[in-house]
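To start, the structure under review is shown below, and the notes come after it.
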Amino acid sequence: MSRFAHPAGDRHAEMLPHERPPLAPADLNRINPSIWPRTSSRAEGALTVGGVDVRDLARDHGTPLYVIDEDDVRSRMRDYATAFAGSEVHYAGKAFLCKEIVRWLQDEGLGLDVASSGELAVALSVGFPAERITMHGNNKSKAELAKALEAGVGHIVVDSYDEITRLGYLAEQLGKRPKVMVRVTTGVEAHTHEFIATAHDDQKFGLSLNAGAAAEAVRRILALPQLELVGLHSHIGSQIVDTAGFEVAARRLATLLVQIKDEHGVVLPELDLGGGYGIAYVDGDEAPDIKELADGLREIVAKVCVDAGLPVPRLTVEPGRTIVGPGGITLYEVGTIKDVEGLRTYVSIDGGMSDNVRTALYGAEYTAALVSRSSEAEPMLSRLVGKHCESGDIIVRDFHLPADLAPGDLIAVAATGAYCRSLANNYNYLPRPAVVAVSGGVSRVIVQGETEDDLLRGQL
Ligand SMILES: *Cc1c(COP(=O)(O)O)cnc(C)c1O
């Protein structure tokens with residue numbers, strides 16, 4: 001997953017619960033359209049997504065359950081394809097990948113980024129065209145590189161000197177000539193509105209611009225006739241809501257492009273600015289408008305290249321979270337409700353850090369609501385926790401639920417489409433939940449939930 005820490009923390013951390021703005025019961029029933037899937041609404045008190053009542057989803061498929069609003073995800077794929085027409089949009093598969101998502105990508109005309117031969121296998125298993133796939137990774141094995149070469153992936157983004165040697169050897173052995181890009185660490189790290197544009201070279205990804213490693217990688221690649229160097233790649237962070245960090249990164253990449261032209265007489269035709277575009281997780285979060293983002297990025301690339309006296313390269317972007325994040329929710333059933341006197345109420349649900357590790361891992365923030373009914377009860381300060389043997393097994397640290405909450409109620413957590421199923425694990429031998437796509441009043445399983453037999457498989 002992303003190399004970037006998410007120091008999101010709790011934006012209300014400095015405020016004691018009683019100091020926060022009071023909530024009305026109506027606020028608890030509200031489905032904020034910028035956070036919840038595009039087709040969500042509350043009908044007769046219960047949430048529907050894709051025209052399906054969440055109570056029916058729970059009854060038919062059980063809980064916990066990942067629910068994907070197909071129309072939402074497909075419409076975001078289309079929005080990207082349209083806004084970035086003339087450029088390449090590669091969905092970053094690590095956000096959430098399965099066969100059905102790959103089919104949607106193909107329908108909607110997007111490319112795909114993979115970061116392992118497992119992800120590559122998912123794509124190839126449903127006939128996704130290999131030339132529209134880019135292979136990433138800081139430690140691709142020889143076997144993975146060989147698979148990528150044999151499949152004929154469109155691009156391989158090289159991340160180290162070792163990899164250049166390995167890839168050069170394998171390409172020669174297999175009689176291939178892959179298109180490669182160099183992953184450049186530009187010294188820009190971005191997160192929401194802030195970005196740091198000092199040397200941030202102390203990390204495992206990429207080849208440093210400042211230290212000259214990127215230029216040296218270019219030299220080594222150009223010395224190998226079996227590799228075709230086509231461009232530079234940079235990925236500056238996650239949950240980014242404006243283009244300021246991309247502008248600094250693009251400017252720095254342009255200086256390297258000029259250096260390459262001067263030193264080697266080579267003009268690289270492609271520039272990949274990575275992904276990292278933010279989505280709204282909680283009230284007040286902003287997500288960049290896709291059209292504005294596309295126009296902004298294209299303008300930046302055109303400007304920095306014209307300023308540097310370079311032809312404008314073909315732009316590639318790699319959105320992950322922003323494609324699948326907002327269209328996904330996770331549905332849970334409420335179990336134990338424990339009032340910790342004078343502090344808050346701990347609401348336990350039937351999943352936890354095995355199906356959503358983001359809060360435990362880096363303090364992610366989420367919106368959750370009672371969704372099997374609406375309620376006029378008073379707000380109750382709550383913490384949504386899982387059933388795992390870790391006190392850090394928290395899904396939502398600090399929020400309000402109606403005080404009449406009861407075991408058996410259904411709670412949904414919004415914006416869980418990205419980096420939840422893909423980071424899911426079997427801690428405490430919990431089976432990973434099914435993924436269900438909803439559209440037009442119909443739900444269908446796109447990834448089966450695991451059973452206990454699945455958990456025991458392979459044990460001797
Ligand atoms: C993770 C990643 C992305 C996608 O990031 P999002 O924050 O999900 O948009 C794109 N490109 C690369 C190289 C990545 O590692």
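The values are calculated or read from the model by the stated rules, or taken from the named source; none is laboratory data. Since the structure is predicted, the reported quantities are computational estimates derived from the model, not experimental observations. With ideal geometry, Cβ positions are generated from the backbone for all residues, glycine too; neighbour counts draw on all protein chains shown.
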Report summary line: Only one of (1) at pLDDT below 95; (2) within 14 Å of the ligand (Cβ to nearest atom) does not apply to Gly137, and that is (1)
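Among the residues of segment 82-101, is there at least one that is over 22 Å from Arg314 (Cα atoms) and part of a strand (DSSP E or B)? Reasoning before the result, please.
We begin by selecting, within segment 82-101, every residue over 22 Å from Arg314 (Cα atoms); these are 94-101.
Those still in the list that are part of a strand (DSSP E or B) too: none.
No, segment 82-101 contains no residue that is over 22 Å from Arg314 (Cα atoms) and part of a strand (DSSP E or B).
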Report task. Select from segment 259-298 the residues that are under 18 Å from Pro37 (Cβ atoms) and away from the ligand (no atom under 16 Å from the Cβ) and list them in ascending order. Result -> Val282, Asp283
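Within 16 Å of the ligand (Cβ to nearest atom), out of contact with any helix residue (DSSP H, G or I) (no Cβ under 7 Å at 6 or more places or on another chain) and among the acidic types (Asp, Glu): does that describe Asp242? Full working, then the answer.
Working: within 16 Å of the ligand (Cβ to nearest atom): yes; out of contact with any helix residue (DSSP H, G or I) (no Cβ under 7 Å at 6 or more places or on another chain): yes; among the acidic types (Asp, Glu): yes.
Spelling it out, Asp242 is indeed within 16 Å of the ligand (Cβ to nearest atom), out of contact with any helix residue (DSSP H, G or I) (no Cβ under 7 Å at 6 or more places or on another chain) and among the acidic types (Asp, Glu).
Can you tell me which of Ser117, Ser125 is of a type in the set (S, T, N, Q), within 20 Å of the chain's Cα centre (by Cα) and on the phi < 0 side of the Ramachandran plot? Let's see the steps before the verdict.
Numbers: Ser125 fails: within 20 Å of the chain's Cα centre (by Cα).
It is Ser117.
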Report summary line: Filtering segment 344-386 down to residues that are among the aromatic types (Phe, Trp, Tyr), out of contact with any helix residue (DSSP H, G or I) (no Cβ under 8 Å at 6 or more places or on another chain) and closer than 20 Å to Leu331 by Cβ yields Tyr346
Query raised in the report: Only one residue in Ser348, Ser372 is farther than 28 Å from Val188 by Cβ, away from the ligand (no atom under 14 Å from the Cβ), in contact with an Asp or Glu (Cβ under 6 Å, 6 or more places away or on another chain) and small (Gly, Ala, Ser). Which one?
Result: Ser372
**Report entry** Residues of segment 278-305 classified as in contact (Cβ under 8 Å) with a residue 12 or more places away in the chain and among the basic types (Lys, Arg), total
**Finding:** 2
Query - Positions within segment 147-199 being of a type in the set (Gly, Ala, Ser) and either closer than 23 Å to Phe246 by Cβ or in contact with an Asp or Glu (Cβ under 6 Å, 6 or more places away or on another chain) (or both), in sequence order - result: Gly154, Gly187, Ala190, Ala197, Ala199
Query raised in the report: Here are some conditions: (1) part of a helix (DSSP H, G or I); (2) over 28 Å from Gln239 (Cα atoms); (3) more than 16 Å from the ligand (Cβ to nearest atom); (4) not charged (D, E, K, R). Gly127 meets all but one. Which one does it not meet?
Result: (1)
Requested in this report: Go through the residues of segment 192-209 one by one and say whether even a single one is in contact with a Leu (Cβ under 8 Å, 6 or more places away or on another chain), surrounded by fewer than 19 Cβ atoms within 10 Å (Cβ to Cβ) and either basic (Lys, Arg) or assigned by TED's automatic domain parsing to the domain that holds Val241 (or both).
Outcome: no
Report task. Filter segment 412-436 down to the residues that are of a type outside the set (A, V, I, L, M, F, W, C) and within 16 Å of the ligand (Cβ to nearest atom), then identify the one that is surrounded by the most Cβ atoms within 10 Å (Cβ to Cβ). Result -> Gly417
Report summary line: With the first residue restricted to segment 306-331 and required to be within 18 Å of Trp104 (Cβ to Cβ) and within 8 Å of the ligand (Cβ to nearest atom), and the second required to be in a loop (DSSP other than H, G, I, E, B) and not small (Gly, Ala, Ser), Cβ contacts under 6 Å at 6 or more apart or on different chains are Arg321/Ile279; Thr322/Ile279; Gly325/Ile279
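Scan segment 355-365 and give yes if some residue there is touching a His at 6+ places or on another chain (Cβ under 7 Å), in contact (Cβ under 8 Å) with a residue 60 or more places away in the chain and closer than 22 Å to Ser41 by Cα, otherwise no. Spell out the reasoning first.
Looking only at segment 355-365, we keep the residues that are touching a His at 6+ places or on another chain (Cβ under 7 Å), and these are 362-364.
From what's left, in contact (Cβ under 8 Å) with a residue 60 or more places away in the chain: 362-364.
Still in the running and closer than 22 Å to Ser41 by Cα: none.
Looking through segment 355-365, none of the residues is touching a His at 6+ places or on another chain (Cβ under 7 Å), in contact (Cβ under 8 Å) with a residue 60 or more places away in the chain and closer than 22 Å to Ser41 by Cα.
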**Report entry** Unmet criterion (only one of (1) within 19 Å of the chain's Cα centre (by Cα); (2) surrounded by fewer than 23 Cβ atoms within 10 Å (Cβ to Cβ)) for Val258
**Finding:** (1)
Requested in this report: With the condition kept exactly as written, say whether any residue in segment 54-70 is over 18 Å from the mean Cα position of the chain (by Cα), surrounded by fewer than 16 Cβ atoms within 10 Å (Cβ to Cβ), of a type outside the set (Asp, Glu) and within 22 Å of Leu110 (Cα to Cα).
Outcome: no
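Here is a yes/no grid of residues against (1) assigned to a loop (DSSP other than H, G, I, E, B); (2) within 25 Å of Asp72 (Cβ to Cβ):
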residue: Thr359; (1), (2): no, yes
residue: Arg373; (1), (2): yes, yes
residue: Gly392; (1), (2): yes, no
residue: Pro407; (1), (2): yes, no
residue: Asn428; (1), (2): no, no
Requested in this report: Please enumerate the residues belonging to segment 39-80 that are part of a strand (DSSP E or B) and modelled with pLDDT of 95 or more.
Outcome: Ser41, Ala46, Leu47, Thr48, Val49, Val52, Asp53, Leu65, Tyr66, Val67, Ile68, Asp69
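State which residue is surrounded by the fewest Cβ atoms within 10 Å (Cβ to Cβ) when the search covers only segment 167-188 and only residues that are closer than 18 Å to Ala254 by Cα and in contact with a helix residue (DSSP H, G or I) (Cβ under 8 Å, 6 or more places away or on another chain). Quick ask: steps written out before the conclusion?
Step one: filter segment 167-188 for residues closer than 18 Å to Ala254 by Cα, giving 180-188.
Subsequent filtering for residues that are in contact with a helix residue (DSSP H, G or I) (Cβ under 8 Å, 6 or more places away or on another chain) retains 180, 182, 184-188.
On the way: Val180: 25, Val182: 29, Val184: 26, Thr185: 27, Thr186: 28, Gly187: 19, Val188: 25.
Once the filter is applied, the top-ranked residue is Gly187.
State whether the residues of segment 394-402 include one that is in a loop (DSSP other than H, G, I, E, B) and modelled with pLDDT of 95 or more. Reasoning before the result, please.
So in segment 394-402, the residues in a loop (DSSP other than H, G, I, E, B) come out as none.
Checked segment 394-402: no residue is in a loop (DSSP other than H, G, I, E, B) and modelled with pLDDT of 95 or more.
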Query raised in the report: Would you call Asp242 charged (D, E, K, R) and surrounded by 15 or more Cβ atoms within 10 Å (Cβ to Cβ)?
Result: yes
